[in-house]
Amino acid sequence: MKYLINEHTRLITKYFRLVMHEVDEDALLSESCLPNQGHNIYDAAGFCVARVVCNGRDFEIFYTERIQWNAPSLQSWLRRTMRDNIIDIARKVLPERLHYWEAQKGLSALDVKVRTLRGYTLGCEGSGSIALSPMILLMPEKYMDNVILHEMAHLKYQHHRKSFWRYLSTLLGEDACLLQGKMEADMKNYFPYFNFLLKY
């Protein structure tokens with residue numbers, strides 16, 4: 001496996017935080033008996049070895065010493081559960097952030113959707129509607145805002161010529177080309193991992 005979610009995995013941003021807890025088997029078993037918790041439990045060989053609790057931005061994984069992190073079925077379950085939680089948070093946070101910038105900058109999109117986009121595409125605009133990748137939720141907020149404002153600038157300029165970059169620089173309050181280059185350099189090693197986490 002190229003990527004493994006385990007007790008050493010770290011993923012912390014303003015809107016999402018992965019937290020790991022090793023717990024005693026009895027504690028995990030008693031928690032797993034609570035109503036409506038079955039879908040958050042992972043069993044292996046008849047033993048409850050992991051439980052996921054989603055609480056706001058916190059994605060908490062409780063696990064016992066019996067856990068086998070490299071088990072493909074466990075990895076698939078963890079990745080799908082984390083992906084669904086990230087997307088749920090993104091569907092709330094990203095439109096709110098876009099609407100915040102609409103009010104600040106006097107721009108207005110017809111619609112905003114949060115959905116998985118092809119490859120490492122972070123956003124796109126078409127006919128006044130903006131689509132944003134949930135991947136940007138995992139980026140520093142400055143870069144997330146850069147992507148949102150980039151797509152909002154396309155409401156006025158549907159190209160990447162100089163006039164577009166000048167306008168985006170005005171929206172950002174700094175040189176858009178320099179910020180874009182810095183974002184790409186800082187994030188390029190993370191994009192494959194984010195893509196892995198969010199794939200269907």
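How many residues are in a helix (DSSP H, G or I), more than 18 Å from the chain's Cα centre (by Cα) and surrounded by fewer than 17 Cβ atoms within 10 Å (Cβ to Cβ) if we restrict to region 67-100? Spell out the reasoning first.
Filtering region 67-100 for residues in a helix (DSSP H, G or I) gives 72-100.
In the following step, the residues that additionally are more than 18 Å from the chain's Cα centre (by Cα) were identified as 72-74, 99-100.
Next, from what is left, pick out any that are surrounded by fewer than 17 Cβ atoms within 10 Å (Cβ to Cβ): 72-73, 99-100.
Counting residues in region 67-100 that are in a helix (DSSP H, G or I), more than 18 Å from the chain's Cα centre (by Cα) and surrounded by fewer than 17 Cβ atoms within 10 Å (Cβ to Cβ) gives 4.
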- Message: Return the residues of region 146-192 that are out of contact with any helix residue (DSSP H, G or I) (no Cβ under 7 Å at 6 or more places or on another chain), closer than 20 Å to Glu96 by Cβ and part of a helix (DSSP H, G or I); say none if nothing qualifies.
- Response: Glu151
- For region 27-66, how many residues meet the condition of being under 24 Å from the mean Cα position of the chain (by Cα), at pLDDT below 90 and either hydroxyl-bearing (Ser, Thr, Tyr) or in a strand (DSSP E or B) (or both)? 3
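Considering only region 133-171, how many residues are acidic (Asp, Glu) and over 17 Å from Leu117 (Cα atoms)? Full working, then the answer.
First pass over region 133-171, keeping only residues acidic (Asp, Glu): 141, 145, 151.
Cutting the leftovers down to over 17 Å from Leu117 (Cα atoms) gives us 141, 145.
Count: 2.
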- If we keep just the residues of region 114-156 that are of a type in the set (Gly, Ala, Ser) and under 18 Å from the mean Cα position of the chain (by Cα), which is surrounded by the fewest Cβ atoms within 10 Å (Cβ to Cβ)? Gly119
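The values are calculated or read from the model by the stated rules, or taken from the named source; none is laboratory data. Everything numeric here is computed off the predicted structure, so don't read it as measured data. Backbone-built Cβ (ideal geometry, glycine too); neighbour counts: all protein chains shown.
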